[in-house]
Amino acid sequence: MSQPLVNPGTVQIEDEVWLGEGVCVMPNVTIGKHSVIGSNAVVTKNIPPYSVAVGIPAKVIRQYNHETKGWERV
């Protein structure tokens, strides 16, 4: 049985992103710059820049606030 190769979509990982061990990034997803994705997370939607996301599916739990220069819970 032969099947043609299919391009399911692209994954874009921007600058200075940290991916924990075992992370799965689904097609057509962008991970914004300076973001952190926790171990074993499954990223199904775009992650904004300066975010921390964890879980299955990955959910943003913190974002960096440039005005206060600190991380804030989402």
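Subtracting the Cα-Cα distance of Thr10 and Val74 from their residue separation scaled by 0.36 nm leaves 20.3 nm.
For Leu19, Leu5, the sequence from fewest to most other C-beta atoms within 10 Å is Leu5, Leu19.
Magnitude of the charge dipole for the chain, about its Cα centre and with charges confined to Cβ atoms of Lys, Arg (+1) and Asp, Glu (-1), is about 220 debye. Of the DSSP beta bridges with both residues in the chain, give the percent that are antiparallel, rounding to the nearest 5. Expressed as a percentage, antiparallel bridges in the chain total about 45.
Between the entries (1) 49; (2) 46; (3) 29, the label attached to percent of Cα pairs over 21 Å apart calculated for this structure is (3).
Just so you know, all these numbers are worked out from the coordinates, no wet-lab data involved. Everything quoted here is computed from the prediction, not taken from an experiment. In this analysis, Cβ positions are derived from the backbone assuming ideal geometry, glycine residues included, and neighbour counts consider all displayed protein chains.
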